[in-house]
Amino acid sequence: YNNASGDMEVDLLNGDTFKYFRIRPELSGLSCHTRLGKAKRSWFYGSKIVENIIQREARNCFAHDLVNLTNAGHKVVMHIHDEVIVECRAEDAESTAEDVKRIMSIPPSWLDRCPLEAEVQISKHYTK
């Protein structure tokens, strides 16, 4: 925490930095900016910081998976939060599903001891 600027940096597992800007006291706690130049302030407190860090780490893992799926030749057509839609020929569905599950269960090097597991579903169209 840099008291002069009111900024705080949190080091993430992959080497990125998560930042909070211009932290200041309010009547009922602390507020900050989560992006430079953003007018809206957000509440700043311990459990919210932990939640933000966990969500960012999960996003980093998912981004790692998306890159690995693409590099393996899979056609990623859409992703929603923590779900990915991969398009393939019907006759390749089973083997594609197995490979997607395998790839998404491999943790990134910066999280190598974290057990990951993916679930797959084969469908002719998007379902929720």
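The values are calculated or read from the model by the stated rules, or taken from the named source; none is laboratory data. Please read these numbers as outputs of a predicted model, since none were measured by experiment. When we count neighbours, we look across all protein chains shown, and the Cβ atoms used for this are built from the backbone with ideal geometry, even at glycine. Surface areas here come from the heavy atoms of the whole protein model, side chains and all, with no ligands, DNA or RNA. Shrake-Rupley method; radii C 1.70, N 1.55, O 1.52, S 1.80 Å.
Would you confirm whether or not region 104-125 contains a residue that is β-branched (Val, Ile, Thr), in contact (Cβ under 8 Å) with a residue 12 or more places away in the chain, in contact with a helix residue (DSSP H, G or I) (Cβ under 6 Å, 6 or more places away or on another chain) and open to solvent by less than 50 Å² (accessible area, probe 1.4 Å)? Taking every residue of region 104-125 in turn, none turns out to be β-branched (Val, Ile, Thr), in contact (Cβ under 8 Å) with a residue 12 or more places away in the chain, in contact with a helix residue (DSSP H, G or I) (Cβ under 6 Å, 6 or more places away or on another chain) and open to solvent by less than 50 Å² (accessible area, probe 1.4 Å).
In region 14-38, the residues that are part of a loop (DSSP other than H, G, I, E, B) reach residues that are among the aromatic types (Phe, Trp, Tyr) and surrounded by fewer than 14 Cβ atoms within 10 Å (Cβ to Cβ) with C-beta atoms within less than 9 angstrom, at least six apart or across chains, in these pairs: Ser28/Trp43.
Given the structure, is Thr70 surrounded by 10 or more Cβ atoms within 10 Å (Cβ to Cβ), over 30 Å from Ile23 (Cβ atoms) and of a type in the set (Ser, Thr, Tyr)? Break it down into steps so the answer makes sense when it comes.
Values: surrounded by 10 or more Cβ atoms within 10 Å (Cβ to Cβ): yes; over 30 Å from Ile23 (Cβ atoms): yes; of a type in the set (Ser, Thr, Tyr): yes.
Considered against the rule, which asks whether it is surrounded by 10 or more Cβ atoms within 10 Å (Cβ to Cβ), over 30 Å from Ile23 (Cβ atoms) and of a type in the set (Ser, Thr, Tyr), Thr70 comes out as yes.
Considering (1) of a type in the set (Phe, Trp, Tyr); (2) under 17 Å from the mean Cα position of the chain (by Cα); (3) not in a helix (DSSP H, G or I), the lone condition that Trp43 does not fulfil carries the number (2).
Within region 68-89, is even one residue of a type in the set (A, V, I, L, M), within 26 Å of Leu12 (Cβ to Cβ) and part of a loop (DSSP other than H, G, I, E, B)? Yes, that holds for at least one residue. Can Ala97 be described as in a helix (DSSP H, G or I), without any contact (Cβ under 8 Å) to a residue 40 or more places away in the chain and over 21 Å from the mean Cα position of the chain (by Cα)? Here the answer is yes, as Ala97 does meet what is asked. In region 60-67 there is no residue that is over 30 Å from Phe21 (Cα atoms), assigned to a helix (DSSP H, G or I) and polar (S, T, N, Q).
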